[in-house]
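The values are calculated or read from the model by the stated rules, or taken from the named source; none is laboratory data. Remember, predicted model here, so these are calculated numbers, not experimental data. When we count neighbours, we look across all protein chains shown, and the Cβ atoms used for this are built from the backbone with ideal geometry, even at glycine. For accessibility, only protein heavy atoms count, side chains too; no ligands or nucleic acids. Shrake-Rupley method; radii C 1.70, N 1.55, O 1.52, S 1.80 Å.
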Amino acid sequence: YDFAAVLEWFAERVDRIILLFDAHKLDISDEFSEVIKALKNHEDKMRVVLNKADQIETQQLMRVYGALMWSLGKIVNTPEVIRVYIGSFWSHPLLIPDNRKLFEVEEQDLFRDIQSLPRNAALRKLNDLIKRARLAKVHAYIISSLKKEMPSVFGKDNKKKELVNNLGEIYARLEREHQISPGDFPNLKKMQ
């Protein structure tokens, strides 16, 4: 099965996506990188947890945090930084208790974020509905434009190939004619 498509399907239907990182194993594997890329367009739902942070000293924790942000910045292309929660999420006592106050505040922030999900669910559903309505409107413009240019009797196959190849130009024309944002258009490669 298409793993990326399955992730995309789930990402569209969840309220929060939590990516877990181990403070000792920060490298983002190719497979995990593909997972994060499959979650594109859902960055607003993504949160990152840097776990086992109690096992490293404060100075090393700062380095690990910086390296994580740098690595994520190369994969996730958003203007805003993804929220990262730092802590040690297990029931055992902290190994290095220097950052106890930070971990407690981060844990409270994460729990507050999770607890706020039901309150924000209605707003998210409304935004999804608006997004789908825009996409349906754009699809209607595209289909209408393609139908106008198709011949009624002869040469349909050749014209169809030509229209598919020139779909980018059709997008640009519709964008200008109807003042549609480029982000409202469906993926060009998928449409072709």
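Of all residues in the range 144-165, how many are over 21 Å from residue 177 (Cβ atoms), loosely packed, with under 12 Cβ neighbours inside 10 Å and of a type outside the set (Val, Ile, Thr)?
Count: 8.
Each row is one residue, and each column tells you yes or no for (1) within 23 Å of residue 15 (Cβ to Cβ); (2) among the small types (Gly, Ala, Ser); (3) modelled with pLDDT of 85 or more; (4) in contact with a Pro (Cβ under 8 Å, 6 or more places away or on another chain).
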residue	(1), (2), (3), (4)
51	yes, no, yes, no
59	no, no, yes, no
77	yes, no, no, no
86	yes, no, yes, no
91	no, yes, no, no
103	no, no, yes, no
113	yes, no, yes, no
129	yes, no, yes, no
133	yes, yes, yes, no
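Of all residues in the range 96-136, those satisfying the criterion of being hydrophobic (A, V, I, L, M, F, W, C) and touching a residue at least 24 places away in the same chain (Cβ under 8 Å) are 96, 103, 110, 114, 117, 121, 135. The criterion of being loosely packed, with under 15 Cβ neighbours inside 10 Å, touching a strand residue (DSSP E or B) at 6+ places or on another chain (Cβ under 6 Å) and under 30 Å from residue 181 (Cβ atoms) does not hold for residue 132.
Each residue in the range 1-58 was checked for being closer than 20 Å to residue 114 by Cα, outside any helix (DSSP H, G or I) and open to solvent by less than 40 Å² (accessible area, probe 1.4 Å), and 10 of them qualify.
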